[in-house]
Amino acid sequence: MQRVPVGSSVLASVGHARGVLEVEFRSGAVYRYVGVPEHVYVHLLNADSQGIYFNDHIRDTYDWERVA
């Protein structure tokens with residue numbers, strides 16, 4: 001999945017396709033979250049703090065798997 005870099009101290013890049021959100025953390029770990037609506041991805045991209053938005057709206061809300 002193609003990801004775009006983000007200006008976050010926690011997240012390095014994010015991508016979204018067909019309900020799957022892929023998140024690369026600054027640590028290098030990559031996770032996929034399933035069932036994520038596109039509007040949640042858009043809000044993540046536009047959040048004042050992407051790390052806080054991720055923690056509040058994605059982290060414990062959607063099923064995930066570590067892919068790298």
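Structural remarks
- Exclusive hit being touching a His at 6+ places or on another chain (Cβ under 7 Å) and closer than 16 Å to Asp60 by Cβ, set Val10, Val40: Val40
- Wholly within the chain, strands (runs of 3 or more DSSP E) carrying at least 1 residues that are surrounded by 12 or more Cβ atoms within 10 Å (Cβ to Cβ), in contact (Cβ under 8 Å) with a residue 24 or more places away in the chain and in contact with a Gly (Cβ under 9 Å, 6 or more places away or on another chain): 11-17, 20-25, 30-34
Read the figures in this text as sums done on the coordinates, not as results from a lab. What you see is a predicted model; the values in this text were computed from it and never measured. Don't worry about glycine lacking a Cβ; one is built from the backbone with ideal geometry, like all the others, and counts go over all protein chains shown.
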